[in-house]
1. For helix 342-354, what angle does its Cα long axis make with the longest principal axis of the chain, in degrees from 0 to 90 and rounded to 10?
2. Taking the alpha-carbon centroid of each part, what is the distance from the stretch 60-105 to the stretch 209-282 in angstrom?
3. Would you work out the relative contact order for the stretch 106-149, in percent, from Cα pairs under 8 angstrom that are 6 or more residues apart?
4. Which is the longest run of the chain containing none of the GluC sites (Glu not before Pro) found in DSSP loop states (not H, G, I, E, B) with at most 14 other C-beta atoms within 10 Å?
5. How much of the accessible area of the stretch 233-353, probe 1.4 Å, is carbon plus sulfur, in whole percent?
6. Go through L169, A187, Y112 and say which Cα lies farthest out towards the positive end of the charge dipole of the chain; charges sit on Cβ, +1 for Lys and Arg, -1 for Asp and Glu.
7. Could you calculate the contour length gain from A381 to S280, that is, 0.36 nm times the residue separation minus the distance between their Cα atoms, to one decimal place in nm?
8. Could you state the accessible area per residue of the stretch 10-155 in Å², with a 1.4 Å probe and every protein chain left in place?
Amino acid sequence: MPRELRLLWVTPNLPRRGVSAARERFWALLARLATRHRVTLLAFVDPEDAGAADAVLPPGLAAVHRIAKTPYAPDDPWALLPQTVAGGFADPALRDAIAARLAADAFDLVQYEYSEMGNLMPPSPVPTILTVHQIAFAQEGPLWRALGRPPRFGAVLLHRYLRELDFELRAVAAADHVIAMSPEDAARLRRFRPGLALSVSPVGVDCAEFRPSPVRGTPTTDLLFVGNFGHPPNADAVRFLVRDVLPRMARSVTLRVLGRDAERAVGGLAQQGRVEVLGSVADLRPHLATARVVVAPVRFGTGMRGKVLEALAMARPLVTTTIGAEGLGAESWKHLAIADGGADVAGAAQRLLDDPALALRLGNAGRQLVQERFDWDAVAAGHDAIYERVLAQPPRGARPDAGTAAPIGSLRGWAAIGAGFGLLAARGVAWHLRRLRAA
């Protein structure tokens, strides 16, 4: 039994089930950690969460503090802040609220969720952990290729890449310890920060809740896609399925699309008798149980995908991409099918539809993989080991500031943005030189 610790968790939203993989992770881990530690939750509450303030929070928390997020436009004329940071993690009042909580209570550790929190971490009297759910700078190239953007937009891509690279590498250096979702993400960070104190804690699934149906119903669809459509890779994956995969199938198949905001994001792709867009459902499991094959052809993004784990936990045959399989340590055609490109995804899905015995073998092997490595109980136990490792580290002393405030100056408009681009380019060269020296 691990010793009881006093933990402060700072999350960008309220932990809520059935909304997104990140919030599901907050909820699942906090519910388990609170059984053996004194956990205080400080959660930012945006307008969406404010309407669900009565949502069921993880049981057993020692205290919950809701901090309202109000509209705030940072003074960032040099355009150094990534859009996600400027849009919700730049208000100094949020940083002050965290500092006040750290001053008011005694904690052993403070854990921040999302790399954007690097902009809000005040000096801490206790060790600080930063959990990186997505690495934005690693997504820009795959995103550009997936969307087929013409070369004339290259300057926009380069600017976004440089500011995300600079911000995220500064953010992880400002924490005492970093948690990445997958070994692949850990390697991406260590290429630039080889000495980074870092652990891997994957996305998980409740294998008791998501398990094979004892009596499988009559299949109601051939292919099933599930995702939160507030996350851009999911809308892209559905467009890819409809435009590049389904036309290559050897016979006509049906596709069902489920997930939050699906109607808004991809409702226009619905086709009578072929593509069904249902949006959110109260219980995903019956849809998984009656789908012949689950598909997740995501073409950009980092981290791990909760819906992939839920499908595998229910022993469903799965087709995904190399990116979609990151973090699983799975073997193609042993635990699932990995395919990239429209023709290959279509061929893999068709093979599973035509060979029920193969689909059954893959589904069972995928279930076994998830039970062994990704059940939430095991993931939470891994956090206990991470906490002990962090507390055993010697104090680091002063840490660099993760912020990227513009230098003092009167430049505005395109002149300021140009100056910011130059500054980011210089920093980007320095980051890449450091990477080459470490290679």
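1. Between helix and principal axis, roughly 50 degrees.
2. 36 Å
3. Working: 35 pairs, mean separation 17.7, N = 44.
Once normalised by length, the contact order is 40 percent.
4. Details: sites that count: E4, E209, E331.
Result, exposed sites excluded: 5-208.
5. Working: 1980 of 4300 Å².
Exposed carbon and sulfur together represent 46 percent of the surface.
6. Looking along the dipole axis, the top candidate is A187.
7. Numbers: separation 101, 0.36 × 101 = 36.36 nm, distance 3.11 nm.
Using 0.36 nm per residue and subtracting the Cα-Cα distance, I get 33.3 nm.
8. On the way: 5840 Å² over 146 residues.
For the stretch 10-155, the per-residue accessible area is 40 Å².
The values are calculated or read from the model by the stated rules, or taken from the named source; none is laboratory data. Not measured: the values here are computed from a predicted model. In this analysis, Cβ positions are derived from the backbone assuming ideal geometry, glycine residues included, and neighbour counts consider all displayed protein chains. When the accessible area is computed, the model is the full protein with side chains, heavy atoms only, and any ligands, DNA or RNA have been set aside. Shrake-Rupley method; radii C 1.70, N 1.55, O 1.52, S 1.80 Å.
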